[in-house]
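Colleague: The structure is given below, and queries will be raised subsequently.
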There are 4 protein chains.
Amino acid sequence: MSARVRARDLGIPLKGTPGPLNSITDVRGVEVGHRTLIEQSEQSSVGQKPIRTGVTVVLPRGKSISGKLEEKQTFGAWYSLNGNGEMTGTTWLEESGLLSPIIAITNTHSVGIIRDAAIQWLIRQSTGSALSDNCYNPLSLPVVTETWDGFLNDLNGFHVKPEHLFDAIQSASSDHVDEGNVGGGTGMVTHDFKGGIGTSSRQHGDYTIGVLVQSNYGLRHQLTIAGVPVGEEMLEELLPKGKVNPIPFKQQEQGSIIVIVATDVPLLPHQLKRLARRVPLGIALVGGRGGNNSGDIFLAFSTANQQAMGKSTGLAQLEMFPNELMDPLFEAVAQATEEAILNAMIAAKTMDGIHGNKVYAIPHQRIREILNKYNRLKDN
Amino acid sequence: MSARVRARDLGIPLKGTPGPLNSITDVRGVEVGHRTLIEQSEQSSVGQKPIRTGVTVVLPRGKSISGKLEEKQTFGAWYSLNGNGEMTGTTWLEESGLLSPIIAITNTHSVGIIRDAAIQWLIRQSTGSALSDNCYNPLSLPVVTETWDGFLNDLNGFHVKPEHLFDAIQSASSDHVDEGNVGGGTGMVTHDFKGGIGTSSRQHGDYTIGVLVQSNYGLRHQLTIAGVPVGEEMLEELLPKGKVNPIPFKQQEQGSIIVIVATDVPLLPHQLKRLARRVPLGIALVGGRGGNNSGDIFLAFSTANQQAMGKSTGLAQLEMFPNELMDPLFEAVAQATEEAILNAMIAAKTMDGIHGNKVYAIPHQRIREILNKYNRLKDN
Amino acid sequence: MSARVRARDLGIPLKGTPGPLNSITDVRGVEVGHRTLIEQSEQSSVGQKPIRTGVTVVLPRGKSISGKLEEKQTFGAWYSLNGNGEMTGTTWLEESGLLSPIIAITNTHSVGIIRDAAIQWLIRQSTGSALSDNCYNPLSLPVVTETWDGFLNDLNGFHVKPEHLFDAIQSASSDHVDEGNVGGGTGMVTHDFKGGIGTSSRQHGDYTIGVLVQSNYGLRHQLTIAGVPVGEEMLEELLPKGKVNPIPFKQQEQGSIIVIVATDVPLLPHQLKRLARRVPLGIALVGGRGGNNSGDIFLAFSTANQQAMGKSTGLAQLEMFPNELMDPLFEAVAQATEEAILNAMIAAKTMDGIHGNKVYAIPHQRIREILNKYNRLKDN
Amino acid sequence: MSARVRARDLGIPLKGTPGPLNSITDVRGVEVGHRTLIEQSEQSSVGQKPIRTGVTVVLPRGKSISGKLEEKQTFGAWYSLNGNGEMTGTTWLEESGLLSPIIAITNTHSVGIIRDAAIQWLIRQSTGSALSDNCYNPLSLPVVTETWDGFLNDLNGFHVKPEHLFDAIQSASSDHVDEGNVGGGTGMVTHDFKGGIGTSSRQHGDYTIGVLVQSNYGLRHQLTIAGVPVGEEMLEELLPKGKVNPIPFKQQEQGSIIVIVATDVPLLPHQLKRLARRVPLGIALVGGRGGNNSGDIFLAFSTANQQAMGKSTGLAQLEMFPNELMDPLFEAVAQATEEAILNAMIAAKTMDGIHGNKVYAIPHQRIREILNKYNRLKDN
């Protein structure tokens, strides 16, 4: 990965101060893992049903289990800009303010199998605890979400299996996060270029805000980079190719974006919802409008407050960051969301898939040319 | 089923006028099917992992496919009294006002497999339509929900399979609905008596309101029938037996209740939400309080407005019932919810299951005795 | 007030353990004040425009100002069973989790004048603080709510003035709370009997839950006391009299109920919302169904966590009660709501008003007779 | 008004096709009126308490009353990006899907008096209808909202009176809408330049989307015009002047933005909520992030469906636009919101006010210069 190129490397004038990895894993304790499923050659002909999908996990307090599994929960909240998508576990998240110890992102038709697999994994981790007894336990409500990869992937083949979740968890680390055609983002498309997983972070004093996206939304003409109408400049360049002509991507939004916001700022659930509501501001800057077919669903969680799950005896002792000082956090969410989307696009490689469909990577040099035309290229 | 005994047969003074079947299937077009999974003898010893679970489906416009699958959608809405449970598909339901053509209810750990299986079934029904093409289609967001049956069922054995959903759909009809230990309700417990599936309906002029519950909530002392404190009169009678002593059911609410409200009144999505918000009123009358461990989640849909899904060309023509005349509908929801819970309890049979746990049916004669003590027994 | 008769005095078998005053003021720090406006003799003829209205205030941390006004804020939340009513300040409450230092309840047409008057009062209390400077301050968003008293009061005369709010605040105390025809409840009607202000409380260990209602809802036939169908037994007894015959109260729900839940349990905003969602369970027990014309809107707040408003420098230190132990609080909310409504009815006196309309107090002896008929009279 | 200069006149490259007036009044039937309150000379010294405030009304079906007042209601919905503000009437709007016949916008401390005045006006218009009888009527729940003008206006002087609302209604027309320092927008500030009322519209086939804003939010550095970082280019130019130094506007967001979206597309309430949720996308494009002190609250309504209020006898006949075709409406909301904010700023004139504070109009020529620097100036 020595040659990883990211948005800032191209001279895009992005605001704010990223953390050391410019990644959601800059938030201490957060781990991310991918299991990428690519089978059949990229030149597969129609009918060979290429697999272009996967699973990405975000583990708010990491995968290693020490102590009670319940203590892996964090305060969390969610918001939906446009709800044409699935995210399990949100009803309990809204009720309790507590987020599952595991978040998984996959394709639309595999949410169910990964959701049950997440329960299996949680049961295995919790020998001797409530989940393994015959008591109800809300850990049975993991958060699994998705975007649709049927333009490149044999979605109706239901190729994702429980072990792919376990693999993703096993691979999770707090190191840098692979971006582009990996994990749940493998077969995704963004503004009619190849999309996928992207991440970014912002520092605010001693605190960090990190964002991870699975980016699969957007029409070409909407694409905006640092305020520059890049999509309008590339209206007819490197459009996806497919058996249907014109392909649906040209006509109407078919995609979605999942955004996970992590922070170590000690925020309560109702404050985290305020962060989740700012995600659309960042998406708007790149050109997203939350199309009717979009499942644009956003999570926010805080790794602070180790006692978020409460104490069965006595009161939990919590800390709370003041509402009055949240404005820089709102800005950070918008900025890191914008940059994570760009990072996903810039890391992604050209891919072909089912039905001979093909989606191109956005060419890095063209971005620079267009930014330069509008006097927005930053020296770097 | 000649010997079916229901709440009204026992002389419980229930209000309102039920439809012909006193069932959710009194709402024309609605079909219900069950697949019950009971394996291992009821006297199985600990470790034999008895299966006591299943799947129940509610099909708002029935299972037969004529015309476009999209047209099977109805206006719908949902509400959660206490969200310690899973219901998939709610994010799109909230956004679009449209309910999936299929609702399935099963156990907590099988929501995922049934959710993906529902997509498979929808794909098979829609050959030639959008779902089988490589276009995104919101039909990929079915509603699957659950309650927890781990006190009797080998829940962690993950015994529910896709074919059990297909069986339940195949068996669906608009006839009377089996109640008690059937389908998703097989292993459920209510007020420390055996619970499960129950249904009831109310007529309002030419309109019908129908309710189906999967009832799995409640402590003994809370049980109230027609205002009479039946639970307090039976505090120590026929309590569940288990290996743990005292068993958790005595200590704290462990269960949940799912309620589906169907009607042919032409209500818009925001009006259906008003119905869903009245479900807790009916639950309160039987003694439920929405415990912290409860997934008390409610759906409401209307079979009116065949054009609810909209028209791809031109405007849909709709009818709307006036807000001002909804009060009798609110009352009907409360009444039918109350009666459906009682029907579930009265139809259920004593069952033993995993770990040698055992839950008793509520004895019908005792209900009559206690109602009589409080001068509330109705001549019948 | 030596002769005050309350629900428990009549032998109604109510559950749970009330606090010393059986009042919302059992929650330490909470103060309640009334300003009652009754002008023109009760025998006033049509056209004399009798005034039968007022203002009730609930001050979560009391009226005396020591330290910063901002510190008078508490964590809070709200819920609406049926939103045909006004409650100002809820948008900020939902956003911030913080409740205004003042809650006022009046009639439907006087919410505005009292809302602005509350701001005036807050400005006067905060000399030298942000509100008096030229900085925006969210204390400018007080919570003022209402029910409709136009059946007895000259509502369209707009008789409530700012000084009536100031009087109510001035009179506020943590002592027992006057009930029935007082303050905002002066002209209210409940189940076609005279209603108004009522209160009750429950103890849970060292904690207290208190409820105050302004009760103005319900049709006669719905009235239920301790599970007994009292309304059905009194269908034609002492119905309201009016110039219109039959009067609207007989035909359709015209009223509303406001419920304020106070506690000293250290609950976060999302947990307080859980309390607010349980209020309908208590209303259901008395017969309410949340009619289309009803503004059934509920607040819950916690006096714990003195640092709820946050700290402008550094982190606030908070305590949190565990979700897992909230079930008794849910029960307490339902019980205290039920009892507060009954207390409002039992304290209220027969009143006549505008247009010669007249509403009767519920006769105490008849309650006892009917409870006795159903073997539900408690020895006392 | 021959010299009216608007955003497009300056060569700002704005997308989409506006209606004939590029105003919310392009939506047929919608009327807008202002009552501007400016007293004391603009050179008033400290202590003279200059009045710089007013009232703006938006009348979804106009002010002339023919037929029943109830029929002036429209389907509507609302959304709050950041709820540090007041908007009355939202609880009933959410419940019923029906918007009050009158929307008024004023300053923070005058919401109450204008809200009660709106009821008075509605009563006067409805002689012989329910509001004038002694029946409850939900028309008593008008929508009144606000932003904070205390930097220029003597806010604590409570200078707005009921007659100012009546004047605004009287002046309402479907003609072009005055922008800038008028009506409720008189004393408002945007991105540290003078702000106020602005409007814009978009055509989509035969349909129109119109937007009106009362713009009072934003820090200087955030200001973005057509993607160009205009605020960063003018960081120190023409900043507000005040007695406090540095003044609060430099330090933290103190303001808010109210946005009203009108359309003649036949959308149901849940579809209108989708429009309201897109307003933040347009705000983001100009630089807004929904600060903690902001009351960024948005309404959307549709003038279609004359029977939206329902029929007391029989069913209403409605039309519904398909969800699938809503994407251009989402884009139109974002575009028209962006342009309305710019129109507010460009129309506004430099104003001084209380405490000698002064806010400057954004200089038009500088906008052109900066756009030109970034090659974004459109020939016009």
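Colleague: Does the range D:173-196 hold any residues that are open to solvent by 10 Å² or more (accessible area, probe 1.4 Å) and assigned to a strand (DSSP E or B), and which are they?
Modeller: Matches in the range D:173-196: D:S173 only.
Colleague: Of the conditions (1) away from every other protein chain (no Cβ under 11 Å); (2) open to solvent by less than 40 Å² (accessible area, probe 1.4 Å); (3) under 23 Å from C:P138 (Cβ atoms), D:T145 satisfies every one except a single condition; which number is it?
Modeller: (1)
Colleague: Considering only residues that are open to solvent by 10 Å² or more (accessible area, probe 1.4 Å) and touching an Asp or Glu at 6+ places or on another chain (Cβ under 7 Å), which ones fall in the range D:273-288? Give the derivation first.
Modeller: At the first step, the residues of the range D:273-288 found to be open to solvent by 10 Å² or more (accessible area, probe 1.4 Å) are D:273, D:277, D:285.
If the condition is that a residue be open to solvent by 10 Å² or more (accessible area, probe 1.4 Å) and touching an Asp or Glu at 6+ places or on another chain (Cβ under 7 Å), then D:L285 is the only one that fits.
Colleague: For the range B:258-285, which residues satisfy the criterion of being more than 22 Å from D:W92 (Cβ to Cβ) and within 13 Å of chain C (Cβ to nearest Cβ)?
Modeller: Once the filter is applied, which keeps residues that are more than 22 Å from D:W92 (Cβ to Cβ) and within 13 Å of chain C (Cβ to nearest Cβ), the range B:258-285 yields B:G282, B:I283, B:A284, B:L285.
Colleague: Evaluate the following for C:F330: is it over 14 Å from the mean Cα position of the chain (by Cα) and among the aromatic types (F, W, Y)?
Modeller: yes
Colleague: Going by the conditions given, is D:I24 buried (at least 18 other Cβ atoms within 10 Å of the Cβ), modelled with pLDDT of 95 or more, in contact with a Ser or Thr (Cβ under 6 Å, 6 or more places away or on another chain) and at negative phi?
Modeller: yes
Colleague: Is it fair to say A:Q365 is open to solvent by 10 Å² or more (accessible area, probe 1.4 Å), free of Cβ contacts under 8 Å to residues at least 60 places away in the same chain, assigned to a helix (DSSP H, G or I) and of a type outside the set (G, A, S)?
Modeller: So A:Q365 passes the test.
Colleague: A further question follows. Quick check: is even one residue across the range C:197-204 surrounded by fewer than 24 Cβ atoms within 10 Å (Cβ to Cβ) and among the charged types (D, E, K, R)?
Modeller: no
Colleague: Could you pull out the residue among B:I354, B:I370 that is more than 30 Å from B:G150 (Cα to Cα) and surrounded by 17 or more Cβ atoms within 10 Å (Cβ to Cβ)?
Modeller: B:I370
Colleague: Taking the residues in the range B:14-36 that are assigned to a loop (DSSP other than H, G, I, E, B) and out of contact with any helix residue (DSSP H, G or I) (no Cβ under 8 Å at 6 or more places or on another chain) as candidates, determine which candidate is farthest from B:S200 (Cα to Cα).
Modeller: My answer is B:G29.
Colleague: Output the residues belonging to the range D:308-322 that are under 16 Å from B:A308 (Cα atoms) and open to solvent by 20 Å² or more (accessible area, probe 1.4 Å).
Modeller: If the condition is that a residue be under 16 Å from B:A308 (Cα atoms) and open to solvent by 20 Å² or more (accessible area, probe 1.4 Å), then D:L315, D:Q317, D:E319 are the ones that fit.
Colleague: Could I ask something else about it? Scanning for something more than 7 Å from every other protein chain (Cβ to nearest Cβ) and in contact with a Gly (Cβ under 9 Å, 6 or more places away or on another chain), does the range D:316-323 turn up at least one residue?
Modeller: Of all residues in the range D:316-323, those more than 7 Å from every other protein chain (Cβ to nearest Cβ) come to none.
Looking through the range D:316-323, none of the residues is more than 7 Å from every other protein chain (Cβ to nearest Cβ) and in contact with a Gly (Cβ under 9 Å, 6 or more places away or on another chain).
Colleague: For residues that are open to solvent by 10 Å² or more (accessible area, probe 1.4 Å) and either more than 7 Å from chain D (Cβ to nearest Cβ) or hydrophobic (A, V, I, L, M, F, W, C) (or both), tally how many sit in the range C:83-99.
Modeller: 2
Colleague: Going through the range C:92-111 one residue at a time, which ones are assigned to a helix (DSSP H, G or I), over 20 Å from C:G62 (Cα atoms), touching a Leu at 6+ places or on another chain (Cβ under 8 Å) and not aromatic (F, W, Y)?
Modeller: Matches in the range C:92-111: C:T108, C:H109.
Colleague: Would you check which residues across the range C:241-272 are surrounded by 21 or more Cβ atoms within 10 Å (Cβ to Cβ), part of a loop (DSSP other than H, G, I, E, B) and modelled with pLDDT of 95 or more and list them?
Modeller: C:V265, C:L267, C:L268
Colleague: Quick check on the range C:27-42: of everything there that is closer than 19 Å to C:N181 by Cβ, in contact (Cβ under 8 Å) with a residue 12 or more places away in the chain and open to solvent by 60 Å² or more (accessible area, probe 1.4 Å), which residue is farthest from the chain's Cα centre (by Cα)?
Modeller: Restricting to residues being closer than 19 Å to C:N181 by Cβ, in contact (Cβ under 8 Å) with a residue 12 or more places away in the chain and open to solvent by 60 Å² or more (accessible area, probe 1.4 Å), the top hit is C:E42.
Colleague: Given the criteria on the phi < 0 side of the Ramachandran plot, among the polar types (S, T, N, Q) and in a helix (DSSP H, G or I), does A:Q335 qualify?
Modeller: yes
Colleague: Would you check if there is a residue in the range B:286-295 being in a helix (DSSP H, G or I) and either within 13 Å of chain C (Cβ to nearest Cβ) or within 17 Å of B:G184 (Cβ to Cβ) (or both)?
Modeller: Restricting attention to the range B:286-295, the residues satisfying the condition of being in a helix (DSSP H, G or I) are B:286.
Filter again for either within 13 Å of chain C (Cβ to nearest Cβ) or within 17 Å of B:G184 (Cβ to Cβ) (or both), leaving B:286.
So far as the range B:286-295 goes, yes, one or more of its residues are in a helix (DSSP H, G or I) and either within 13 Å of chain C (Cβ to nearest Cβ) or within 17 Å of B:G184 (Cβ to Cβ) (or both).
Colleague: Let me ask something else. Does the range D:113-128 hold any residues that are within 10 Å of chain C (Cβ to nearest Cβ) and in contact (Cβ under 8 Å) with a residue 24 or more places away in the chain, and which are they?
Modeller: Of everything in the range D:113-128, those that are within 10 Å of chain C (Cβ to nearest Cβ) and in contact (Cβ under 8 Å) with a residue 24 or more places away in the chain turn out to be D:I113, D:I114, D:R115, D:D116, D:A117, D:A118, D:Q120.
The values are calculated or read from the model by the stated rules, or taken from the named source; none is laboratory data. A quick note: this is a predicted structure, and the numbers were derived from the prediction, not measured. Because the Cβ atoms are built from the backbone with ideal geometry, glycine has one as well, and the counts that use them run over all protein chains shown. Each accessible area value is taken on the protein alone, full model and side chains, heavy atoms only, with ligands, DNA and RNA left out. Shrake-Rupley method; radii C 1.70, N 1.55, O 1.52, S 1.80 Å.
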